[in-house]
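Visitor: Have a look at this one.
The values are calculated or read from the model by the stated rules, or taken from the named source; none is laboratory data. Quick caveat, the model's predicted, so the values are computed rather than measured. Note that we place each Cβ from the backbone using ideal geometry, even for glycine, and neighbour counts take in every protein chain shown.
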Protein chains: 4
Amino acid sequence: MHLPLKGIIPPLVTPLENYDKLDIQGLNHLIEHLISGGVHGIFILGTNGEAPSLDYRLRKELIKRTCEIVNHRVPLLVGITDTSFSGSVDLAKASNLAGADAVVIAPPFYFPIDQEEVISYFKTLTQVLPLPFYLYNIPSHTKIHMTVDTVKKVKEMGALGIKDSSGDMFYLHSLIETFKSCPEFSIFTGTELFLPETVTSGGHGAVAGGANIFPRLFVRLYEASVAQNIETIACLKEKVMKLYHTVYKISKHPSGITMGIKCTLSVMGICNDYLAPPLHNLNQAERAQVEHVLKKFTDSFNVSL
Amino acid sequence: MHLPLKGIIPPLVTPLENYDKLDIQGLNHLIEHLISGGVHGIFILGTNGEAPSLDYRLRKELIKRTCEIVNHRVPLLVGITDTSFSGSVDLAKASNLAGADAVVIAPPFYFPIDQEEVISYFKTLTQVLPLPFYLYNIPSHTKIHMTVDTVKKVKEMGALGIKDSSGDMFYLHSLIETFKSCPEFSIFTGTELFLPETVTSGGHGAVAGGANIFPRLFVRLYEASVAQNIETIACLKEKVMKLYHTVYKISKHPSGITMGIKCTLSVMGICNDYLAPPLHNLNQAERAQVEHVLKKFTDSFNVSL
Amino acid sequence: MHLPLKGIIPPLVTPLENYDKLDIQGLNHLIEHLISGGVHGIFILGTNGEAPSLDYRLRKELIKRTCEIVNHRVPLLVGITDTSFSGSVDLAKASNLAGADAVVIAPPFYFPIDQEEVISYFKTLTQVLPLPFYLYNIPSHTKIHMTVDTVKKVKEMGALGIKDSSGDMFYLHSLIETFKSCPEFSIFTGTELFLPETVTSGGHGAVAGGANIFPRLFVRLYEASVAQNIETIACLKEKVMKLYHTVYKISKHPSGITMGIKCTLSVMGICNDYLAPPLHNLNQAERAQVEHVLKKFTDSFNVSL
Amino acid sequence: MHLPLKGIIPPLVTPLENYDKLDIQGLNHLIEHLISGGVHGIFILGTNGEAPSLDYRLRKELIKRTCEIVNHRVPLLVGITDTSFSGSVDLAKASNLAGADAVVIAPPFYFPIDQEEVISYFKTLTQVLPLPFYLYNIPSHTKIHMTVDTVKKVKEMGALGIKDSSGDMFYLHSLIETFKSCPEFSIFTGTELFLPETVTSGGHGAVAGGANIFPRLFVRLYEASVAQNIETIACLKEKVMKLYHTVYKISKHPSGITMGIKCTLSVMGICNDYLAPPLHNLNQAERAQVEHVLKKFTDSFNVSL
């Protein structure tokens, strides 16, 4: 794994047959779809990966299977966030054994805790991790927005970078400003729309859920951002905006984005659209909308995606 | 288990030696302390029980051990809330096997979900539960405040009652009003201070964290509330308020109440004060405050508690 | 004005013909309705009084008229909260000239400010007030929940008491605990449901919107609370709860309580139901519900209210 | 006034000698500073203009004076937002009389209200406005985030555009998407950092507080955004970011940006740094920081600003 890690790292959705069983064929398809799309890494067991909804056995099976399929063609990062400390450690060990490149950690998310407690938690956790680690900020789910000072402290513990899904562009700029003298520390946005701004301002890429669907779209947007090619950026960004205005919005439920992505992948024939409870797949009418939208996308993107 | 369940049901703190090991002796002491204090039931693996911080193995061991110790002397309720559906089901099965009386369910707490999704989740879950169940509302931790309509729907699925830890007295009154014609449906407050009002208004009792420390204080306050003895209520409530102004406030961290309770139990010689990450025990200065406070409590309560 | 002020102080709704004109006849009726109902004071230009929706001219006219009508039969308090410092000072002067007994101040409510800024603001304001003053905590409208420490500092500037409309019972108890050694400092709840608990715990009464409708109901509930007569408290509180379940809930809009109160007063023939924009009166169907509810109330309360 | 209005419209800070008196000389200086800096319009009595802290007399004086000084050299917009309906109408009339070009309206901000009530309020208000109007979305201060549907409805009442200060880039993109077929409807961001993205995506400019200090910096950034000159955008945006990392952050109070801007203008010798309560000027140490920062800015910007 070359540092700093950069580019497009899709947060893999987890293809499932039911809440207790992987859709292995779908997993194979999806990973080949991403790698042939040119992604720069893969992140499993994040929010889009429904990690907290899967029990340990299933998560470990996913880690093992994904490592085998990816087979070091791109860096593989594994989310090990859990409310149970020993659960996290156990997943880290499994990741190491299976041959993953790094783990990703967010704060435990049941108890309300403060910055000091997050730092102290990570101090204990990172000491026993067998792999390099990245930090993950997602306050909408964990109830805590890690301050830049907290991130600095976790970087001192060895963090190789951060994925920020706060949707707060000032925070993102503060991170970039704070770590601009640390060339090996990666700053990824989890907000796809912020990808060009992140990269042109000195950040490193995006952990983009939509890249599950259109990996090449995001890879090109990343490359255009690196090249500061404003016409291409504008043109590709408009396509990304279309995802926001269509796929991501079809379900009105709070976690509708993940549900929209899985449905689209199913319509594309890539993997199953089953989601583990409490999430659930789109209904028939919503799926019809996805089919309609996807057709328009394919028409307008034609061969180029 | 006689319906409706009523009285004082302490949410048992989980005595631990470390994040991976029960403090068995402490568990024995604590349970005897509660039963001899006259409690009307015991609830394990709730928020005060640090359930989400314990891995499945440890949770199952706790279920088994507690069932053995309690040995049907009082009803035993087990929290099975988990972000993983299969994890919840598994804990329910373990509870049944071990001989527990009922399980307690709160919404899964990682993904933001809406009322409709909570209902749908519980519809699926409750169909496979081998034991009666109670509902648990704790929006500060789960990010969702179940509406009265949602509670009505879950009651229709068979819920025997609800523990409300929202701290919202209007909500509590709405629950009581809504279910007053359902004599077997229990309404417990998770806010100790609301115990008298809950009971005098038609509710059934409290799941009171402080009852880990002073079970008899809460049992008496319950009895005084049932008897509508206002002088006794006022006198005992003042003592409960002292807990708020002392033990619950010594730690300034967001989950300081649980930390204060465990420290007090440790000072009383009942069980260990270890808390699993991300929580942590009080520091030396804070513990000294607990010692000081406890002495004053003991002096003022003398033999009667 | 005898200190500490205590009992039932209705926050007078402002009878209006339109946004620019008082309903003078309604104002007379309403004040006589309250005084004959036994209230212990009257508070004008609070939230229920729609103060921020009225321009200065109208507010001053209301002050003058109310002072004349009340004519020192009960203490009269005037809300002078405004986003403009000079506006507040001006209203205080008008209150003094007209013969009011005290003014009531909440933080200015447009800019987000912190505790330190609230304290500093009140330090400047209170130095130029020509009348004694009470503090008013209503974070849902002002965006700031004054801490107990802030209240202590404002008390040192001379505050004679506080009305707390936070709906936070722990905060209320903390206030009572903090000021129990200051016998002249009044603690009023703005949450009607908390009246008995406030009084039995050492507080002084309620600024109860519902007392506009049923002054005697609240006065009796206050008296029963002082006398610690639990049967009477329970019986009267049930009637207050009915207001919550009916009048206060008929409109689903966020400020529906004030709208429900004004509509009820109009149905009772006491004053006009016009509300200044952005609030508005209930629609025809909602008014019909109020009529229905009121009839049931009158039947069940008969002569006694 | 040519439609759509576009470019940089600084929200003028209000130069004050004290809470009751304009700093007329400062007002003259500041306006000349802005106009010579090339701004495309001026917006008075917004949030940076401390409108709610000024009483009506002072607001009207400011309207009159500003109109005289600006003298139609650039379009002049006047904020008339107020909690009192008649207050707003009155300010609109004064704006018209004084010769302003348009007024700006945000929802009244004391009572919590919902989207339906905002629409209904604006329906009543806009019917009596003597001037064209723009909408202003600032949920951090008004407690309501107007939905895109609400904005559509207010556009149908005649709104010429919107200033969005929500800081929510998705919302901004939704506005642009929604109104792209309405070429005369202006979309301004109130978040300076979003200026390039707003303009390159189809929006019209920024109401940028920092343009009080460096009008030409923002005008150039606007022009570079129109020209899609990515190098210039990147270079100028870095300078804007410096404002965020310095001037805007020196005060830790919630409204510290306005305080930082006024202090900087005072250090530059343009106008007084007095702010009306509840805001307040920076302290001595903070002012020293501003001086230091400003020197570095001037050095690095040299003649070009």
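Visitor: Does D:LEU27 qualify as being in contact (Cβ under 8 Å) with a residue 12 or more places away in the chain, among the aliphatic types (A, V, I, L, M) and touching an Asp or Glu at 6+ places or on another chain (Cβ under 6 Å)?
Guide: Numbers: in contact (Cβ under 8 Å) with a residue 12 or more places away in the chain: yes; among the aliphatic types (A, V, I, L, M): yes; touching an Asp or Glu at 6+ places or on another chain (Cβ under 6 Å): no.
So D:LEU27 fails the test.
Visitor: Find all pairs meeting these conditions: Cβ atoms under 7 angstrom apart; at least six residues apart or on different chains; first residue within region D:41-64 and free of Cβ contacts under 8 Å to residues at least 40 places away in the same chain; second residue among the acidic types (Asp, Glu).
Guide: These pairs meet every condition: D:TYR56/D:ASP90; D:LEU58/D:ASP20.
Visitor: Quick check: is even one residue across region C:171-185 over 24 Å from D:THR142 (Cβ atoms), assigned to a helix (DSSP H, G or I) and within 18 Å of the chain's Cα centre (by Cα)? Please lay out each step first, then the result.
Guide: As a first pass, look at region C:171-185 and keep what is over 24 Å from D:THR142 (Cβ atoms): C:171-185.
So of that shortlist, the ones also assigned to a helix (DSSP H, G or I) come out as C:171-178.
Narrowing the set further to residues that are within 18 Å of the chain's Cα centre (by Cα) leaves C:172.
The answer is yes, given that some residue of region C:171-185 is over 24 Å from D:THR142 (Cβ atoms), assigned to a helix (DSSP H, G or I) and within 18 Å of the chain's Cα centre (by Cα).
Visitor: Exactly one condition in (1) out of contact with any Leu (no Cβ under 7 Å at 6 or more places or on another chain); (2) touching a residue at least 40 places away in the same chain (Cβ under 8 Å) is not met by D:ASP114; state its number.
Guide: So the condition that D:ASP114 fails would be (2).
Visitor: So which residues in region C:202-216 are within 14 Å of chain B (Cβ to nearest Cβ) and surrounded by fewer than 22 Cβ atoms within 10 Å (Cβ to Cβ)?
Guide: Hit for region C:202-216 is C:GLY202, nothing else.
Visitor: D:LEU58: under 16 Å from the mean Cα position of the chain (by Cα), at pLDDT 95 or above and of a type outside the set (Asp, Glu), yes or no? Let's see the steps before the verdict.
Guide: On the way: under 16 Å from the mean Cα position of the chain (by Cα): no; at pLDDT 95 or above: yes; of a type outside the set (Asp, Glu): yes.
No; evaluated as a whole, the condition is false for this residue.
Visitor: Another question about this same structure. May I ask you to list the residues in region B:1-17 that are crowded, with 20+ Cβ neighbours inside 10 Å and of a type in the set (A, V, I, L, M, F, W, C)?
Guide: B:LEU5, B:ILE8, B:ILE9, B:LEU12, B:VAL13, B:LEU16 - these are the residues of region B:1-17 that are crowded, with 20+ Cβ neighbours inside 10 Å and of a type in the set (A, V, I, L, M, F, W, C).
Visitor: Show the residue pairs that are 6+ apart or on different chains and have beta-carbon atoms under 8 Å apart, the first residue being within region B:230-258 and under 21 Å from B:THR47 (Cα atoms), the second being of a type in the set (Phe, Trp, Tyr) and surrounded by fewer than 16 Cβ atoms within 10 Å (Cβ to Cβ).
Guide: These pairs meet every condition: B:TYR244/C:PHE170.
Visitor: Does region D:225-245 include one or more residues that are farther than 29 Å from D:LEU282 by Cβ, touching an Asp or Glu at 6+ places or on another chain (Cβ under 9 Å) and surrounded by 22 or more Cβ atoms within 10 Å (Cβ to Cβ)? Break it down stepwise before answering.
Guide: Pass one, region D:225-245, residues farther than 29 Å from D:LEU282 by Cβ: D:225-234.
Checking the rest, the ones that are also touching an Asp or Glu at 6+ places or on another chain (Cβ under 9 Å) come to D:225, D:228-229, D:232.
Within this subset, residues satisfying the condition of being surrounded by 22 or more Cβ atoms within 10 Å (Cβ to Cβ) are D:225.
Yes, region D:225-245 contains at least one residue that is farther than 29 Å from D:LEU282 by Cβ, touching an Asp or Glu at 6+ places or on another chain (Cβ under 9 Å) and surrounded by 22 or more Cβ atoms within 10 Å (Cβ to Cβ).
Visitor: Follow-up question, since we're still on this one. Name every residue in region D:246-266 that is surrounded by fewer than 18 Cβ atoms within 10 Å (Cβ to Cβ) and away from chain C (no Cβ under 14 Å), in order of residue number.
Guide: Of everything in region D:246-266, just one residue is surrounded by fewer than 18 Cβ atoms within 10 Å (Cβ to Cβ) and away from chain C (no Cβ under 14 Å), namely D:LYS249.
Okay, residues lined up against (1) over 25 Å from C:TYR136 (Cβ atoms); (2) not hydrophobic (A, V, I, L, M, F, W, C):
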{"position": "C:GLU192", "(1), (2)": "no, yes"}
{"position": "C:ALA206", "(1), (2)": "no, no"}
{"position": "C:ILE213", "(1), (2)": "no, no"}
{"position": "C:ILE230", "(1), (2)": "yes, no"}
{"position": "C:HIS253", "(1), (2)": "no, yes"}
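Visitor: Can you pull out the residues in region D:60-92 that are more than 23 Å from D:ILE257 (Cα to Cα), within 14 Å of chain C (Cβ to nearest Cβ) and not polar (S, T, N, Q)?
Guide: D:LYS60, D:GLU61, D:PHE85, D:GLY87, D:VAL89, D:ASP90, D:LEU91, D:ALA92
Visitor: Related question: What number of residues within region B:12-23 are in contact with a helix residue (DSSP H, G or I) (Cβ under 8 Å, 6 or more places away or on another chain) and more than 14 Å from chain A (Cβ to nearest Cβ)?
Guide: Selection size over region B:12-23: 2.
Visitor: Say we look at region A:167-197 and pick out the residues that are within 12 Å of chain D (Cβ to nearest Cβ) and among the hydroxyl-bearing types (Ser, Thr, Tyr); which of these is surrounded by the most Cβ atoms within 10 Å (Cβ to Cβ)?
Guide: That would be A:THR189.
Visitor: Restricting attention to region C:97-122, and to residues there that are within 14 Å of C:LEU45 (Cβ to Cβ) and out of contact with any Phe, Trp or Tyr (no Cβ under 9 Å at 6 or more places or on another chain), which single residue is farthest from the other protein chains (Cβ to nearest Cβ)?
Guide: Filtering first and then ranking leaves C:ASP101.
Visitor: If you don't mind, another one. If I ask for residues that are facing chain A (nearest Cβ under 10 Å) and not aliphatic (A, V, I, L, M), which ones from region B:124-159 would you list?
Guide: Listed by number, the residues that qualify are B:THR124, B:SER140, B:HIS141, B:THR142, B:LYS143.
Visitor: Surrounded by 19 or more Cβ atoms within 10 Å (Cβ to Cβ) and farther than 17 Å from C:TYR136 by Cβ: is that true of C:VAL39 in this structure?
Guide: On the way: surrounded by 19 or more Cβ atoms within 10 Å (Cβ to Cβ): yes; farther than 17 Å from C:TYR136 by Cβ: yes.
Yes; evaluated as a whole, the condition is true for this residue.
Visitor: A further question on this structure: Sort through C:SER166, C:SER140 and tell me the only one that's within 22 Å of C:ILE257 (Cβ to Cβ), in a loop (DSSP other than H, G, I, E, B) and modelled with pLDDT of 95 or more.
Guide: Values: C:SER140 fails: in a loop (DSSP other than H, G, I, E, B).
Sole residue among the options that is within 22 Å of C:ILE257 (Cβ to Cβ), in a loop (DSSP other than H, G, I, E, B) and modelled with pLDDT of 95 or more: C:SER166.
Visitor: Would you mind telling me which numbered condition in (1) without any contact (Cβ under 8 Å) to a residue 60 or more places away in the chain; (2) more than 18 Å from C:ALA208 (Cα to Cα); (3) not hydroxyl-bearing (Ser, Thr, Tyr) C:LEU3 fails?
Guide: If we test C:LEU3 against (1) without any contact (Cβ under 8 Å) to a residue 60 or more places away in the chain; (2) more than 18 Å from C:ALA208 (Cα to Cα); (3) not hydroxyl-bearing (Ser, Thr, Tyr), just (1) comes out false.
Visitor: Considering D:LEU77, D:LEU91, which residue is modelled with pLDDT of 95 or more, under 15 Å from D:ILE9 (Cβ atoms), crowded, with 20+ Cβ neighbours inside 10 Å and out of contact with any Cys (no Cβ under 6 Å at 6 or more places or on another chain)?
Guide: So the residue among D:LEU77, D:LEU91 that is modelled with pLDDT of 95 or more, under 15 Å from D:ILE9 (Cβ atoms), crowded, with 20+ Cβ neighbours inside 10 Å and out of contact with any Cys (no Cβ under 6 Å at 6 or more places or on another chain) is D:LEU77.
Visitor: Follow-up. Provide a single number: the residues in region C:24-59 that are touching a Gly at 6+ places or on another chain (Cβ under 6 Å) and more than 9 Å from chain D (Cβ to nearest Cβ). Before you say what the answer is, go through the steps one by one.
Guide: We begin by selecting, within region C:24-59, every residue touching a Gly at 6+ places or on another chain (Cβ under 6 Å); these are C:40, C:45-46, C:48, C:51, C:55.
From the residues that got through so far, the ones that are more than 9 Å from chain D (Cβ to nearest Cβ) too are C:40, C:45-46, C:48.
Qualifying residue count, region C:24-59: 4.
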